[in-house]
1. So how far apart, in nm, are the two label points at residue 128 and residue 398 if each is 7 Å from Cα heading toward Cβ?
2. What pairs from 297/352; 243/316; 246/320 go past 25 Å between their alpha carbons?
3. Apply the Karplus curve 6.51 cos²θ - 1.76 cosθ + 1.60, θ = phi - 60°, to the phi angles in region 348-354 and return the couplings in whole Hz, x for Gly and Pro.
4. Per DSSP H run of at least 4 residues, take -39500 (n - 2.57); add these up for the chain, divide by its residues and hand me the 222 nm value, nearest 500 deg cm²/dmol.
5. What's the exposure ranking of 336, 270, 344, going from fewest to most Cβ atoms within 10 Å?
6. Under 1.5 on a/c is rounded, so check that first for region 307-393, then, if it is not, pick prolate when a/b is larger than b/c and oblate when it is not; a ≥ b ≥ c are the square roots of the alpha carbon gyration tensor eigenvalues.
7. How much length, in nm to one decimal, is gained on full extension between residue 95 and residue 355, taken as 0.36 nm per residue of separation minus their Cα-Cα distance?
8. Using θ = phi - 60° and the Karplus curve 6.51 cos²θ - 1.76 cosθ + 1.60, what whole-Hz ³J(HN,Hα) does each residue of region 229-242 get, with Gly and Pro shown as x?
Amino acid sequence: MSNRFVSTPARGRVAVLIPGLGAVATTFIAGVALSRLGLGRPIGSLTQLGTARVGRRTDGRTVPIKELVPLASMDDLVFGAWDIVSENAWQVALRSDVLPRAQLDPIRDQLEQIQPRRGIYDPEFVRRIEVDHAMPEQGHRARIARVRQDIREFIVELGADRAVMITCASTETWRPAPDCLQDLAALEQALDANHPDISPALLYAYAAIREGVPYANSTPNAAADTPALLQLAREQGVPTAGKDLKTGQTMMKTVLAPMLKARMLGLNGWFSTNILGNRDGEVLDDPQAFKAKEVTKTSVLDTILQPGEYPDLYSKFSHKVSIHYYPPRGDQKEGWDNIDLFGWMGMPMQIKVNFLCRDSILAAPLVLDLVLFLDLAKRAEWRGVQEWLSFYFKLPTTPVGLYPEHDLFIQLTKLKNTLRVLAGEEPITHLGLDYYGDDLPLPEALEAAEER
Ligand SMILES: NC(=O)c1ccc[n+]([C@@H]2O[C@H](COP(=O)([O-])OP(=O)(O)OC[C@H]3O[C@@H](n4cnc5c(N)ncnc54)[C@H](O)[C@@H]3O)[C@@H](O)[C@H]2O)c1
C-alpha cells in the first residue's frame with residue numbers, strides 16, 4: 001500500500017540493527033521468528049494487533065493499523081547486532097530465560113546465525129559485564145567509522161533495502177551532560193578531541209544518523225535526545241525516537257497519575273520499589289547506572305501532575321523509586337507501589353499496586369512497533385524527533401524547549417491521529433459533532449448538542 005504522504009512503499013527487507021544483544025533484543029527477535037512460523041502471537045504490539053477508527057462514528061470504519069498506513073511486514077525484518085560479549089542470539093536467549101527452551105527450539109538455527117559484531121566498550125560507562133568482544137578501534141572517530149562500516153556491511157550481507165537502529169544495550173553510568181552535547185559544532189570538536197564524557201550509546205546514535213538510518217533508544221542513555229544529535233538528525237533527514245522503554249512500573253504510573261489529576265485528587269507521596277534478577281538488574285545495581293534510570297523514572301510525576309498549576313494538590317508530595325537486584329527472580333520483575341492520596345476535606349486514602357510482570361515480554365513488542373513506525377517515518381520523509389512515538393517511552397524526547405507528554409492515553413491519541421493524518425484521514429477530536437448535525441457551524445452544533 002502507498003499513499004500521498006508515504007511515497008516509498010514498504011518493499012524489500014529492513015535490517016534491524018541492534019547495539020546490545022541481550023534479553024530485550026533476543027526476546028524481540030525470537031518473537032518475530034515465532035510469529036512468522038505461526039508458533040506464537042505478537043501480543044502487546046499495536047502495529048500487529050491494534051486498530052484505528054477512521055471517519056465518523058456513524059461510518060462504522062475501523063481498520064487494522066497495519067492496513068491504515070503502509071508498514072513493513074514482520075516477514076521482511078532481518079537482524080544484525082553489536083555486543084561486547086561474544087554470545088550469539090541463541091545463547092543469550094537461553095541464558096536470559098525469558099521464553100522457555102521448548103518454545104525457542106524450533107528457531108534455534110535462526111538464532112544461532114545472529115552473531116554480534118564487536119561492540120564499543122568503555123569501562124567508564126558499563127561495569128559488571130565480562131567483556132570478551134570489544135572492538136579493537138580506539139578513539140571516538142575510529143569507533144564511529146567502524147560502526148558506519150558495519151551498518152553498510154550489514155545491509156549488504158542481510159540483503160536489506162534499508163535499516164533501522166534500535167539500541168538495547170545496558171544502562172550506562174550516569175554523569176551530568178557535558179556542554180559539548182548542546183550543539184553540533186561543539187560535539188564535532190569533542191569527538192575529535194576524544195572527550196571522555198561521550199559514551200558508546202552516543203557514538204552508535206551518531207553513526208546511525210550520519211548513515212541516514214532511523215534511530216530509537218530503548219535505554220536511559222544519553223544519545224539522540226541531546227540537542228547536538230537532534231540537530232544532526234534534522235540536518236540529515238533522519239527520524240529518531242527515545243528514550244527508555246515504558247514498560248512495568250512507569251507504565252502503571254502514567255495511567256494512575258492522570259486519573260488522580262483528572263479527578264483533582266491530591267498526592268502526599270508515591271513509593272515505588274521493585275525486585276529484578278536479570279542482567280539489566282545486575283547492571284542497575286551499580287548506583288551510577290541506577291542514577292540514569294532514576295532520572296527517567298522520577299520525572300514522570302512532576303510533568304503529569306503539574307505542581308505549578310495545582311499547588312494545593314501536588315506541590316508537596318514525596319516520590320521514591322528503587323530497584324533491587326534479586327537473582328532468583330530473573331526477568332520476572334515484581335513491583336510494588338504505595339500511593340498516599342487525599343480527597344474531599346483533605347481525608348487521606350491509599351492505593352497499593354503489586355505488578356508481577358516480565359520485563360522483556362513487555363519490552364519486545366515495543367521494539368517491534370518502534371522499528372516499523374520509524375521505517376514508516378523515514379519513508380514519509382519525516383525528520384528529527386518523532387514526538388508521536390512518545391507512547392513508547394519513559395522520558396519522551398521533545399524538540400529543545402518543549403516538555404514531554406507522559407499520559408499514556410493522550411500519547412495513544414496523538415499516535416493514532418498522526419497515523420490518520422498520514423493516511424489522508426481526518427484526526428479524531430472526540431467532539432462527536434457528527435451526531436448533532438455536522439453540517440452546522442461549530443457554535444450551533446455545540447448548541448444542538450447541549451439541547452439533547
Ligand atoms: N526490559 C524492559 O522492560 C526495559 C524497559 C526499559 C528499558 N530497558 C533497557 O533496555 C536495555 C536492555 O535491557 P536487557 O534486559 O536486554 O539487558 P541485558 O543486560 O540482557 O542486555 C544488554 C546487552 O547490552 C550489551 N552491551 C552493554 N554495553 C554495550 C555496548 N557498549 N555495545 C554493545 N553492547 C553492549 C550487554 O553485553 C548485554 O548483552 C537496558 O538499558 C534496559 O534498562 C529495558
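1. Modelled inter-label distance: 3.2 nm.
2. Among 297/352; 243/316; 246/320, the Cα-Cα distance tops 25 Å for 243/316.
3. Here the 3J(HN,Hα) series is x, 9, 9, 10, 10, 10, 10 Hz.
4. -12000 deg cm²/dmol
5. Going from least to most buried by this count: 344, 336, 270.
6. Details: a/c = 3.33, a/b = 1.41, b/c = 2.36.
It comes out oblate by the Cα gyration axes.
7. Details: separation 260, 0.36 × 260 = 93.60 nm, distance 2.39 nm.
Residue separation times 0.36 nm, minus the Cα-Cα distance, leaves 91.2 nm.
8. 7, 4, 5, 4, 5, 5, 4, 8, x, 10, x, 9, 7, x
Bear in mind that the values in this text are calculations on the coordinates, not laboratory data. No experiment lies behind these values; they were computed from the predicted model shown. Note that we place each Cβ from the backbone using ideal geometry, even for glycine, and neighbour counts take in every protein chain shown.
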